[in-house]
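Peer 1: I'd like to ask some things about the structure below.
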Amino acid sequence: MVRVAECQLTANPEPEHETEHETERSYFIMSPIDDFNASLCNQFTPDFHRDTCQYYDQAENEKVCGYCKKKELYRCLADCKRIIPLSYSSVSDYLTCHHLYYLKAIRGIQINKPKLSSPLKKGMLWDRVLQNLLSGQKIYDINATITEYEMDIKDVTIVRAIYRAYKELEIVTEPNGNLQAKIDLTIPFDMVWGDKSPVEMLVNGFYDRKYSTYFVENKLSGRPLNYEDVYFIQSQVGVYFLADPSLEYCIMEIVRTPDLKSTGKNKDESVEAYGERVYQDVISRPTHYFLGYDIKTHKYGKKYYRSEFNLEELKSRFIHVFREIYNTRWLDGWYRNDRVCNSILPGIACDMTPICRNGNMSEDNYTIREKVIGKW
Ligand code: SF4
Ligand code: SF4
């Protein structure tokens with residue numbers, strides 16, 4: 001059991017007899033090199049040979065926040081000056097709840113694979129079978145994936161039925177797409193830190209499939225209409241456009257998750273019978289399941305053009321969020337937004353609720369992300 005809340009609460013211990021002056025100063029106790037704010041970590045242990053904390057591991061990119069060697073920690077809490085690269089999802093987390101960003105990006109907490117929700121597991125499996133199919137290689141061992149994520153047999157059956165229909169419909173994609181192409185976006189901006197050093201923001205991510213003038217995103221979703229409204233996809237898709245000026249458009253290939261129930265005369269049906277029923281339903285109305293499916297071209301998806309996205313506004317949002325995160329790190333301002341715990345997305349509760357409620361991280365349910373020292 002890792003005591004998350006306690007670590008957070010003790011990050012800025014109150015002096016027993018504080019004065020106004022001392023409280024103010026406590027935020028600015030610096031380690032021998034002034035990139036660290038030792039008052040943010042009560043475990044800071046000076047290592048005078050390296051002018052830092054003895055538990056500190058530097059990231060490969062020296063501008064990026066380093067890691068902590070301690071098992072229960074991820075990013076160094078006191079390394080406030082170096083940046084943490086943003087991604088579409090980390091910006092979403094910060095906008096949703098500062099504490100959610102803290103738990104995931106700073107403490108590196110992630111939910112154990114078997115404990116992920118059924119929709120997430122199905123989406124992950126769909127993504128993997130599609131990558132295997134489109135690459136013509138066994139990038140992923142599908143059986144091992146199913147075991148590793150402890151997937152429910154019905155969820156596997158649903159994805160298998162979609163895959164079978166995808167092949168039966170002879171769905172076509174353009175060859176030679178670059179699968180999981182990396183996004184490495186650097187956005188310089190004219191703000192400066194306190195010591196006047198210029199600011200460069202890094203943004204990470206991956207395109208599902210990238211070509212020279214467009215990219216494709218694949219989704220399996222029970223709420224596919226969310227991806228048919230440019231307003232709701234602008235943050236994610238806009239970042240991908242920002243990262244490469246040569247991209248003219250994007251195709252969202254959305255598959256609706258089948259939701260057939262085993263009730264009435266199907267109450268006692270076998271898994272095989274259920275899979276066949278799902279397959280028959282998908283194959284009999286492909287436009288319902290493969291959004292934008294064209295019976296002549298055997299393609300599906302919806303096209304969005306670069307001009308549909310306000311990229312300047314998006315860039316500005318990233319810059320402001322980046323600066324706010326920087327301030328939040330210095331000021332230890334990871335307050336909770338408990339108004340959104342039950343619905344961080346429509347109808348979906350936050351995965352971190354047990355941690356926030358109990359102040360503990362059960363190792364049955366959560367784990368700390370692997371620290372890739374020397375990489376970011
Ligand atoms: S988070 Fe780890 S490396 Fe950073 S100051 Fe604390 S103990 Fe040291
Ligand atoms: S459970 Fe609530 S307070 Fe905790 S991280 Fe999630 S949204 Fe924030």
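Peer 1: Just wondering, is there one or more residues in segment 358-374 that are touching a His at 6+ places or on another chain (Cβ under 8 Å), charged (D, E, K, R), surrounded by 13 or more Cβ atoms within 10 Å (Cβ to Cβ) and part of a loop (DSSP other than H, G, I, E, B)? Walk me through it before giving the result.
Peer 2: Let us first name the residues in segment 358-374 that are touching a His at 6+ places or on another chain (Cβ under 8 Å), namely none.
No, segment 358-374 has no match at all.
Peer 1: Would you confirm, using the coordinates I've provided, whether Ser212 is part of a loop (DSSP other than H, G, I, E, B) and farther than 22 Å from Phe318 by Cα? Before you say what the answer is, go through the steps one by one.
Peer 2: Working: part of a loop (DSSP other than H, G, I, E, B): yes; farther than 22 Å from Phe318 by Cα: yes.
Taking the combined requirement at face value, the residue satisfies it.
Peer 1: Just to be sure before I move on: is Glu170 out of contact with any Cys (no Cβ under 9 Å at 6 or more places or on another chain), of a type outside the set (A, V, I, L, M, F, W, C), touching a residue at least 40 places away in the same chain (Cβ under 8 Å) and surrounded by fewer than 20 Cβ atoms within 10 Å (Cβ to Cβ) in the structure I sent? First the steps, then the outcome.
Peer 2: On the way: out of contact with any Cys (no Cβ under 9 Å at 6 or more places or on another chain): yes; of a type outside the set (A, V, I, L, M, F, W, C): yes; touching a residue at least 40 places away in the same chain (Cβ under 8 Å): yes; surrounded by fewer than 20 Cβ atoms within 10 Å (Cβ to Cβ): yes.
Here the answer is yes, as Glu170 does meet what is asked.
Peer 1: Report yes if some residue within segment 283-300 is modelled with pLDDT of 95 or more and over 30 Å from Tyr214 (Cα atoms); otherwise report no.
Peer 2: Looking for residues that are modelled with pLDDT of 95 or more and over 30 Å from Tyr214 (Cα atoms), one finds at least one in segment 283-300, hence yes.
Peer 1: Let me ask something additional. Residues that are loosely packed, with under 14 Cβ neighbours inside 10 Å and free of Cβ contacts under 8 Å to residues at least 24 places away in the same chain, at least 2 per element: which helices (runs of 4 or more DSSP H) completely within segment 238-337 meet that? Reasoning before the result, please.
Peer 2: On the way: elements: 271-284, 286-289, 311-331.
Counting at least 2 such residues, we get 271-284, 311-331.
Peer 1: Something else: Is there a residue being within 27 Å of Asp364 (Cα to Cα) and at pLDDT 90 or above anywhere in segment 22-40?
Peer 2: no
Peer 1: Another question, if that's okay. Report, by residue number, each residue of segment 189-235 that is modelled with pLDDT of 95 or more and among the β-branched types (Val, Ile, Thr).
Peer 2: If the condition is that a residue be modelled with pLDDT of 95 or more and among the β-branched types (Val, Ile, Thr), then Thr213, Val216 are the ones that fit.
Peer 1: In segment 109-136, what count of residues is obtained for those that are of a type outside the set (Lys, Arg) and farther than 16 Å from Cys350 by Cα? Step through it out loud before you land on a result.
Peer 2: From segment 109-136, those of a type outside the set (Lys, Arg) are 109-112, 114, 116-120, 123-127, 129-136; that's our starting set.
Filter once more, keeping what is farther than 16 Å from Cys350 by Cα: 114, 123-127, 129-136.
Looking only at that region, the number is 14.
Peer 1: Same structure again: Can you pull out the residues in segment 215-231 that are part of a strand (DSSP E or B) and of a type in the set (D, E, K, R)?
Peer 2: Within segment 215-231, the subset part of a strand (DSSP E or B) is 215-221.
Hits for segment 215-231 are Glu217, Lys219.
Peer 1: Follow-up. Please determine whether any residue of segment 327-335 is within 30 Å of Val255 (Cα to Cα) and more than 16 Å from ligand 1 (Cβ to nearest atom). Walk me through how you get there before you give the answer.
Peer 2: Taking segment 327-335 as the starting set, the residues that turn out to be within 30 Å of Val255 (Cα to Cα) are none.
The answer is no, given that none of the residues of segment 327-335 is within 30 Å of Val255 (Cα to Cα) and more than 16 Å from ligand 1 (Cβ to nearest atom).
Peer 1: Could you please give the count of residues in segment 48-73 that are near ligand 1 (Cβ under 9 Å from one of its atoms) and either surrounded by fewer than 21 Cβ atoms within 10 Å (Cβ to Cβ) or over 14 Å from Arg107 (Cα atoms) (or both)?
Peer 2: First, the residues of segment 48-73 that are near ligand 1 (Cβ under 9 Å from one of its atoms): 52-57, 66-70, 73.
Filter once more, keeping what is either surrounded by fewer than 21 Cβ atoms within 10 Å (Cβ to Cβ) or over 14 Å from Arg107 (Cα atoms) (or both): 52-57, 69-70, 73.
Count: 9.
Peer 1: Right, something else. Tell me, yes or no, whether segment 292-310 has at least one residue that is touching a Lys or Arg at 6+ places or on another chain (Cβ under 7 Å) and not small (Gly, Ala, Ser).
Peer 2: no
The values are calculated or read from the model by the stated rules, or taken from the named source; none is laboratory data. Predicted model, so just to flag it, every value in this text is computed and none were measured. All Cβ positions, even for glycine, are placed from backbone atoms using ideal geometry, and neighbour counts span all protein chains on display.
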